[in-house]
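Chemist: Structure incoming, see below.
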Amino acid sequence: MAEEDHDASPERTLVLVGCGKMGSALLRGWIAARAAARYCVVEPEGPPPGLADAPGVSWHRSPEEPASRLAPDAVIFAVKPQVLDGVVPGYRRWAGPPTLFVSIVAGKTIAGIARGLGPAAVVRTMPNTPAAIGRGITVACANERVTAEQRRLCERLLAAAGESAWVEDEALLDAVTAVSGSGPAYVFLLIEALAAAAEAAGLPSALALRLARATVAGSGELARLAGESPAQLREAVTSPGGTTRAALDVLMARDGLVPLIERAVAAAAARSRELAS
C-alpha cells in the first residue's frame, strides 16, 4: 500500500516535450490517472484542442521557458524523429540522477539520446498507434543509470497508453518496431483487403467495410480476452471440409500468409536497424 501511495505522489512533476497525437494522448491519460501534480508541456504550436485549460498543466513554447528551479521527475520526448537530435540538448540542465528521460521517438537509440544529454537515466520506448485510445502496447529498454524506482515510474507513465513490457537488449527493439510498432498498418491493410474481397464477392461497399472492420476488431478482442491460443481459436472456427477450411487452405499454403508476414516483419526490422542512430 505504501508503494502505491508513493507512485501516486502529488508532488511529482513531469515535463512533456511535444504534444501531438501521441503526446496529447499520454497527457490526457496522466491527468485522468493523476500521475503527477504538475505537467510542464513544451509545444511550439501551443495547446491542442481541449487541453488549453487542463488542470495542473502549464504550456511553454521553448525549453527555456520553464523555471530554472524546476526539478522534474521525468522528461518525456514525444517529438518527430527528424527533430529529436536538435531538441534534446535543450533539456541537458536536468540530466542527473533525480530525473528520468523517456523517449517515445521511433528509431533513436539510447546512445543517440544520451549524446545530447550527457550522463542521464534514459529509457527508450517503442509504442504503437493504438496508444492514442489507451489500447496500445509499448516496449521499453533502459540504460544502466535507470533505477528500479524510475522503472516503476516509467511503467506508470506508459500505463496511460495501454500495456507495457521491458527488454534488456536494445537490439530487440528493431523486432519490436517491426511487429507492434508497424503492426497496426498491417492490420489496417488486412481490413482494406478483406473489404475489397467482400466487394468482389458482391457485397455493397459500405457493408463490406463494416463487416471487415467489425470482424477484425472483434476477433482481436476475442484473442486478447480468451484463454485459448490463437491457433486454438482458429481451429474452433474451422470445420473439416467447410468454408473456413477452404479459405485457410489458400492462406496457409507454402506461399501464403505466414511466409509473407515473416518477410514483411524481417524487412521492417532491417529498415529499423538502418534508421537507428
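Chemist: I want to confirm something. Restricting to the range 131-157 and keeping residues that are touching a Ser or Thr at 6+ places or on another chain (Cβ under 7 Å) and closer than 12 Å to Leu100 by Cβ, which single residue is surrounded by the most Cβ atoms within 10 Å (Cβ to Cβ)?
Modeler: The qualifying residue surrounded by the most Cβ atoms within 10 Å (Cβ to Cβ) is Ala140.
Chemist: Among the residues of the range 99-113 satisfying the criterion of being in a loop (DSSP other than H, G, I, E, B), of a type in the set (Val, Ile, Thr) and more than 22 Å from Leu70 (Cα to Cα), which is modelled with the lowest pLDDT?
Modeler: Val105
Chemist: Select from the range 132-163 the residues that are in contact with a strand residue (DSSP E or B) (Cβ under 6 Å, 6 or more places away or on another chain) and closer than 17 Å to Arg28 by Cβ and list them in ascending order.
Modeler: Those that are in contact with a strand residue (DSSP E or B) (Cβ under 6 Å, 6 or more places away or on another chain) and closer than 17 Å to Arg28 by Cβ: Gly134, Arg135, Gly136, Thr138, Leu158, Ala161, Gly162.
Chemist: Still on this structure, please answer the following. What residue, among those in the range 114-136 that are in a helix (DSSP H, G or I) and β-branched (Val, Ile, Thr), is farthest from Glu221 (Cα to Cα)?
Modeler: Ranking the candidates gives Thr129 first.
Chemist: When only residues in the range 64-98 that are within 18 Å of the chain's Cα centre (by Cα) and not in a helix (DSSP H, G or I) count, which is farthest from Gly118 (Cα to Cα)?
Modeler: By that ranking, first place goes to Lys80.
Chemist: Of everything in the range 220-238, what is part of a loop (DSSP other than H, G, I, E, B) and either out of contact with any helix residue (DSSP H, G or I) (no Cβ under 7 Å at 6 or more places or on another chain) or not aliphatic (A, V, I, L, M) (or both)? Give them in sequence order.
Modeler: Gly227, Glu228, Ser229, Thr238
Chemist: Here's a follow-up. Could you tell me whether the range 188-206 includes any residue that is assigned to a helix (DSSP H, G or I), closer than 30 Å to Trp30 by Cβ and under 20 Å from the mean Cα position of the chain (by Cα)?
Modeler: yes
Chemist: Mind checking which residues of the range 239-277 are surrounded by 11 or more Cβ atoms within 10 Å (Cβ to Cβ) and not in a helix (DSSP H, G or I)?
Modeler: Across the range 239-277, the qualifying residues are Gly242, Met252, Ala253, Gly256, Ala276, Ser277.
The values are calculated or read from the model by the stated rules, or taken from the named source; none is laboratory data. Here the structure is a predicted model, which is why all the values come from computation and not from measurement. All Cβ positions, even for glycine, are placed from backbone atoms using ideal geometry, and neighbour counts span all protein chains on display.
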